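Report on the structure given below.
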Amino acid sequence: MKITKLAIGTYKVVDAQGTWIARGGQATANGMWTANDCDNVYDLSNGNNWAVEFKTFAQLKKYSQSF
């Protein structure tokens with residue numbers, strides 16, 4: 001898993017399943033962490049959102065490895 005910080009609370013993650021964007025903390029209104037299947041922040045949408053939220057980035061990363 002390769003993680004690249006794009007901005008505060010926004011990371012690009014490349015893993016065996018593909019590329020996704022993680023956002024949370026100060027980058028979201030409620031502070032919860034979520035992910036989108038896309039290559040950059042300009043492609044974030046409701047259509048590619050994973051529709052799950054986590055309290056920490058670590059929980060989101062663990063979830064991403066479960067499928």
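Sum up the charges of everything whose Cβ sits under 15 Å from the Cβ of residue 67, counting Lys and Arg as +1 and Asp and Glu as -1, but leave residue 67 out.
Residues near residue 67 contribute 0 overall.
Between residue 56 and residue 19, the C-beta separation translates, for a Förster distance of 22 Å, into a calculated FRET efficiency of about 0.55.
Residues whose amide H lies under 5 Å from that of residue 32, counting only those 5 or more places away or on a different chain, are 25; hydrogens are built 1.01 Å from N in the peptide plane.
With the highest mean first, a sort of the peptides 9-17, 30-38, 59-67 on other beta-carbon atoms found within 10 angstrom per residue produces 30-38, 9-17, 59-67. One chain, two ends: residue 8 and residue 40. Fully extended at 0.36 nm per residue, the span grows by 10.1 nm beyond their Cα-Cα distance.
Taking the inverse of the average 1/r across all pairs of different Cα atoms in the chain, what Kirkwood radius in Å do you get? Write down the numbers at each step before the final one.
Details: mean 1/r = 0.0857 Å⁻¹.
Evaluated over the chain, this radius sits at 11.7 Å.
Among the aspartates and glutamates, select those whose C-alpha is under 15 Å from the C-alpha of residue 55, and discard any that sit fewer than 8 residues away in the same chain. List returned: none.
Values quoted throughout were computed directly from the atomic coordinates according to the rules given, and no laboratory measurement underlies them. Values in this document were obtained by computation on a predicted structure and should not be read as measured data. Positions of Cβ are generated from backbone atoms using ideal geometry, with glycine treated the same way; all protein chains shown enter the neighbour counts.
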